[in-house]
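**Student:** This is the structure I have questions about; it appears just below.
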Amino acid sequence: MIQKHGSAHWTGGLQDGKGVVSTESGVLDKVAYVFAQRFEDAAGSNPEELIGAAHAACYSMALANVLGDSGITPEDIDTRSTVSLDMSDGPRIASAHLDVTIKSEGDAEKIREAAKAAEQGCPVSALLDCEITSEVTLT
């Protein structure tokens, strides 16, 4: 089993507190986050942004794998995951939308089928308990 870890430290109350988040690799090292970055329009990182980045990265790799199984090697996969937070019953991740641009030789229908399969085969997609949608553009 492969294990990776991230960590967070929070001090204070929800609205007046502050936290830092770090990753095992050190790519994130005590990156600050506060209430306003998550629930308002303040600049800075937040958990949903990090989940979106992880989702986009994982999906791109899953798609490269599924395409490879079909004998297709993509030239470029560009993925953006937009994670939506629903505040109606307290905060919860309600959906994630993948905008994917694929530059690749090969049958367009096979590429689109691979993109849909990767949506379900991506481990981060499987982890998210929300609606996942996608829009795929082939170039």
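**Student:** Can you tell me how many residues within segment 76-113 are in contact with a Gly (Cβ under 9 Å, 6 or more places away or on another chain), among the aliphatic types (A, V, I, L, M) and either closer than 16 Å to Ala64 by Cβ or loosely packed, with under 12 Cβ neighbours inside 10 Å (or both)?
**Tutor:** 0
**Student:** I would also like to ask the following. So, in segment 1-17, of the ones that are closer than 27 Å to Cys122 by Cα and of a type in the set (A, V, I, L, M, F, W, C), which residue ends up farthest from the chain's Cα centre (by Cα)?
**Tutor:** The initial filter retains those residues of segment 1-17 that are closer than 27 Å to Cys122 by Cα, namely 1-8.
In the following step, the residues that additionally are of a type in the set (A, V, I, L, M, F, W, C) were identified as 1-2, 8.
Details: Met1: 22, Ile2: 19, Ala8: 19 Å.
That would be Met1.
**Student:** Condition test on Val124, is it out of contact with any Asp or Glu (no Cβ under 6 Å at 6 or more places or on another chain), closer than 26 Å to His5 by Cβ and not assigned by TED's automatic domain parsing to the domain that holds Ala32? Spell out how you get there, then give the answer.
**Tutor:** Values: out of contact with any Asp or Glu (no Cβ under 6 Å at 6 or more places or on another chain): yes; closer than 26 Å to His5 by Cβ: yes; not assigned by TED's automatic domain parsing to the domain that holds Ala32: yes.
When the stated conditions are applied, Val124 passes them.
**Student:** State which residue is farthest from Phe39 (Cα to Cα) when the search covers only segment 78-96 and only residues that are modelled with pLDDT under 95 and of a type in the set (Asp, Glu).
**Tutor:** Restricting to residues being modelled with pLDDT under 95 and of a type in the set (Asp, Glu), the top hit is Asp89.
**Student:** Counting only residues that are more than 30 Å from Pro123 (Cβ to Cβ) and surrounded by 12 or more Cβ atoms within 10 Å (Cβ to Cβ), which one in segment 18-50 is farthest from the chain's Cα centre (by Cα)?
**Tutor:** The extreme case among them is Lys18.
**Student:** Answer yes or no as to whether Ser25 is polar (S, T, N, Q) and in the same structural domain as Arg92 (by TED's automatic domain parsing). Quick ask: steps written out before the conclusion?
**Tutor:** Details: polar (S, T, N, Q): yes; in the same structural domain as Arg92 (by TED's automatic domain parsing): no.
Spelling it out, it is not the case that Ser25 is polar (S, T, N, Q) and in the same structural domain as Arg92 (by TED's automatic domain parsing).
The values are calculated or read from the model by the stated rules, or taken from the named source; none is laboratory data. Keep in mind the model is a prediction, meaning the values are calculated, not measured. Cβ atoms come from the backbone with ideal geometry, glycine included; neighbour counts cover every protein chain shown.
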